[in-house]
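Trainee: Quick one: structure below, then a few questions.
Read the figures in this text as sums done on the coordinates, not as results from a lab. Since we're looking at a predicted model, the values are computed, not measured. FYI the Cβ positions are ideal-geometry reconstructions off the backbone, even for glycines, and counts take in every protein chain you see.
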Amino acid sequence: AALIGVDRVTFLLKLADYGVPMIDLSEADLLSDKCQCLTPKRS
């Protein structure tokens, strides 16, 4: 964002204008994150 002279929020919102995804995760990545969030942490 700083390189093009806009704030972070504006930069993120403008990504769609150029067909660039804000987040580009595969289904496997999402499922892995979900599993990690739902697994109880051991101390």
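Trainee: Candidates (1) 2.05; (2) 1.38; (3) 1.74; which is the computed Cα Rg over 2.2 N^0.38 Å?
Mentor: (3)
Trainee: Taking the Cβ of each residue in Thr10, Thr39 as the centre, tally the other Cβ atoms inside 10 Å and list the residues starting with the fewest.
Mentor: Values: Thr10 11, Thr39 8.
If I rank by nearby Cβ atoms, fewest first, I get Thr39, Thr10.
Trainee: Here's something else I'd like to know. Once amide H atoms are placed 1.01 Å from N in the peptide plane, what residues at a sequence separation of 5 or more from Val6, or on another chain, have their amide H within under 5 Å of its amide H?
Mentor: When sequence neighbours closer than 5 places are left aside, there are no close amide H contacts.
Trainee: While we're looking at this one, here's another question. Would you mind checking the tilt of helix 27-38 against the longest principal axis of the Cα atoms of the chain, expressed as 0 to 90 degrees and rounded to 10?
Mentor: The answer is roughly 50 degrees.
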